[in-house]
Amino acid sequence: MPNFALSDSIFQEAARRFPTPFHLYDENGIRENARKLNAAFSWCPSFREHFAVKALPNPAILRILKEEGCGLDCSSATELTLARVCGFRGEEIILSANAMPPEEFTQARALGAIINLDDITDIDALRTHGGIPEEVCLRYNPGGRFSIGNTIMGKPGEAKYGMTDAQLRAALKTLSAEGVTAFGLHAFLSSNTTDESYYPTLAETLLRLGKTLEEETGLRFSFADLSGGIGIPYRPEEAAPDVMKIGESVRRVYEKIFPQGGVGIRTELGRWMTGPHGWLVTRAIHEKKIYRDYIGVDASAVNLIRPAMYGAYHHITVCGKRDLPADHIYDVTGCLCENNDKFAWERPLPEIRIGDLLLIHDTGAHGSAMGYNYNGRLRGAEVLYTRDGEYRLIRRAETDRDYFATLDSDPAAAELGLA
Ligand SMILES: *Cc1c(COP(=O)(O)O)cnc(C)c1O
C-alpha cells in the first residue's frame, strides 16, 4: 500500500508556493526509514547503509542521511563529487564500478572510498588509476537463476554485473600478491523485491562464499554487502516488507556461519529508503475523450519515466478527492510526442476536473533522478517538506537558460537573454 502519511492540505499548500510539476519529499519519513534500518541491523556493530545516490541525488537528502549515520553508494565521478560536497569520506563511500572510465577510480581512491570491482579486468585499471588499496570489494555473479522457494528472483546468468566463482578466486590471488589484505563481497541479484527472504538468502550465499575464500586465500573477509533491491509496495494491494524481520533473519544466518562475529554487513538500499517518501505533484490541464478518456497533466515522462519505460505502476490520487469513489476510467498522460508518455493506463479514479492537483505516489527514488530533456521539456523542481513543517526548495525547476547553457554561445540566444 502506498504511503499516505501526508495530508492533501500539505500538497495543496506546496502547490500554492511552487509551480507544478514538482517532487515533494517528506524528511520525517526518510529519517524514520534510516532509523528503522539501522535498528534492524544494530546487532552487527559495523553495519552501515550506503544509500544508492542514483535513486535520489540531491545534497539536501544526502546530508539528512549522513546525519542518520548512512554512507553512500556512488556509481559515477559526478556522484563521487556529490558525496564529497556533502562531507562523506573514506569508507563511508562505496564506488560500484561498472564498465566505467578508469579515471573515476583515481577520484574514488583520492576520497579513500571502498572500491567495488565489477570485473577481473578492473584490477589493471585500478592499479594504474589510484593504485590497489589494502581492502577491496568484489562483485559476485553466481550465474544461472537465483531462486527463493518457487520464485525466480532474477537471472544473474543474463546480467552484465559481477564475476564468476573462478574469477573471484583468480582476482583474490592477484590482489593478494599486490598487497591486499582484506576483501568484501557484494551481489545484487534482485530488484524491487518485497520478498522478505531475499536478504537472508543472499547473506547466506555471500557469507558462506566469503568464509570459503578466506580459508583458501588467507585474506581477511571483512564484510558482505547485500546491496539494494528491497522493494516497496507500489500497488494498493501490496504489503511493505518488514525490515525488522529481515534484519533478524540475516542475524540468524550470520550467527550460524560466523558465531564469533567480526564480519561486517553493508547495504545499499535506494528505493526502499526514499521511494515511498516522494510524490510527483502535477495538475490536470487537459481532458480529451476519443476512444478512451484522457487526462493530460503538466508533468510528463521527463519528470518520472518509470511508467513509460517499464510500464511501472505508480498509484495516483486526486487531492481533496481521496474518499470519492473511483468511478471514472482514465489514461493519465504527459505532453511528450511519445505514445508511451502516460502515468496510468485505464485507471479507475474519481472524476477529475481541469485544475485538480494529482499526486503520483512513490517517486522518492528513481523519479526526478531519471529525468531528461526530450521534447525541450525541462526538469521540474524538488521540494523538501521538512521535519519543522517548512517547504524548502531543494532543486529549482530548470529554465530555458539551463537548456541553452551547454550549447555553443549564440548571439541570437544571447539577445533573448538565454546565454
Ligand atoms: C541501483 C543500485 C542500488 C540501489 O538499488 P535499489 O533497488 O534502489 O535499492 C544499490 N547498489 C547498486 C550497485 C545499484 O546499482
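The values are calculated or read from the model by the stated rules, or taken from the named source; none is laboratory data. In this text, all values refer to a predicted model and were calculated from it rather than measured experimentally. Neighbour counts are summed over all protein chains in view; Cβ atoms, including those assigned to glycine, are modelled from backbone coordinates with ideal geometry. The accessibility values were calculated without ligands, DNA or RNA, using every heavy atom of the protein model including side chains. Shrake-Rupley method; radii C 1.70, N 1.55, O 1.52, S 1.80 Å.
Per-structure values
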read-out	value
Unique match (being within 12 Å of the ligand (Cβ to nearest atom) and more than 20 Å from residue 203 (Cα to Cα)) among 96, 76	76
Wholly within the stretch 41-122, strands (runs of 3 or more DSSP E) carrying at least 1 residues that are without any contact (Cβ under 8 Å) to a residue 60 or more places away in the chain	71-74, 93-96, 114-117
From the options 282, 317, residue that is touching a Pro at 6+ places or on another chain (Cβ under 8 Å) and polar (S, T, N, Q)	282
Where a residue in the stretch 268-284 is of a type in the set (Val, Ile, Thr) and its partner, wherever it lies, is within 16 Å of the ligand (Cβ to nearest atom) and not in a strand (DSSP E or B), with Cβ under 7 Å and at least six apart	274/30; 274/55; 274/56; 274/61; 274/364; 274/365
Candidates 166, 108, 171, filtered to the one that is open to solvent by less than 40 Å² (accessible area, probe 1.4 Å), under 24 Å from residue 218 (Cβ atoms) and aliphatic (A, V, I, L, M)	171
Number of positions in the stretch 24-40 that are within 16 Å of the ligand (Cβ to nearest atom) and not in a helix (DSSP H, G or I)	1
Flag for residue 387 being in a strand (DSSP E or B), open to solvent by 90 Å² or more (accessible area, probe 1.4 Å) and touching a residue at least 24 places away in the same chain (Cβ under 8 Å)	no
Candidates 346, 382, 415 - the one that is of a type outside the set (Phe, Trp, Tyr), in contact (Cβ under 8 Å) with a residue 40 or more places away in the chain and open to solvent by 80 Å² or more (accessible area, probe 1.4 Å)	346
Pairs with Cβ under 8 Å, 6+ apart, first in the stretch 352-363 and farther than 15 Å from residue 1 by Cα and part of a strand (DSSP E or B), second among the β-branched types (Val, Ile, Thr) and open to solvent by 10 Å² or more (accessible area, probe 1.4 Å)	357/20; 358/317
Identity of the residue in the stretch 86-98, within 19 Å of the chain's Cα centre (by Cα) and open to solvent by 30 Å² or more (accessible area, probe 1.4 Å), that ends up modelled with the lowest pLDDT	98
Residue in the stretch 134-151 that is in a helix (DSSP H, G or I), at negative phi and open to solvent by 20 Å² or more (accessible area, probe 1.4 Å) present	no
Whichever residue in the stretch 293-308 is under 24 Å from residue 373 (Cα atoms) and free of Cβ contacts under 8 Å to residues at least 40 places away in the same chain and, among such residues, is most open to solvent (accessible area, probe 1.4 Å)	294
Any hit, the stretch 193-205, residues being open to solvent by 70 Å² or more (accessible area, probe 1.4 Å), within 14 Å of the ligand (Cβ to nearest atom), in a loop (DSSP other than H, G, I, E, B) and at negative phi	no
Enumeration of residues in the stretch 17-35 that are within 21 Å of residue 297 (Cβ to Cβ) and open to solvent by less than 10 Å² (accessible area, probe 1.4 Å)	22, 23, 24, 25
Residue satisfying all of: in the stretch 266-292; in a strand (DSSP E or B) and open to solvent by 20 Å² or more (accessible area, probe 1.4 Å); nearest to the ligand (Cβ to nearest atom) among these	283
Of the criteria (1) within 16 Å of the ligand (Cβ to nearest atom); (2) touching a helix residue (DSSP H, G or I) at 6+ places or on another chain (Cβ under 8 Å), which one residue 123 fails	(1)
Subset tally (residues that are in contact (Cβ under 8 Å) with a residue 40 or more places away in the chain and either in a strand (DSSP E or B) or open to solvent by 20 Å² or more (accessible area, probe 1.4 Å) (or both)) for the stretch 310-332	7
Evaluation of residue 254 against (1) open to solvent by 10 Å² or more (accessible area, probe 1.4 Å); (2) within 16 Å of the ligand (Cβ to nearest atom) (one fails), failing number	(2)
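Yes/no per residue for (1) under 30 Å from residue 306 (Cβ atoms); (2) open to solvent by 10 Å² or more (accessible area, probe 1.4 Å); (3) assigned by TED's automatic domain parsing to the domain that holds residue 39; (4) more than 16 Å from the ligand (Cβ to nearest atom):
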site: 209; (1), (2), (3), (4): no, yes, yes, yes
site: 213; (1), (2), (3), (4): no, no, yes, yes
site: 218; (1), (2), (3), (4): no, yes, yes, yes
site: 223; (1), (2), (3), (4): no, no, yes, no
site: 228; (1), (2), (3), (4): yes, no, yes, no
site: 236; (1), (2), (3), (4): yes, yes, yes, yes
site: 246; (1), (2), (3), (4): yes, no, yes, no
site: 250; (1), (2), (3), (4): yes, no, yes, no
site: 259; (1), (2), (3), (4): no, yes, yes, yes
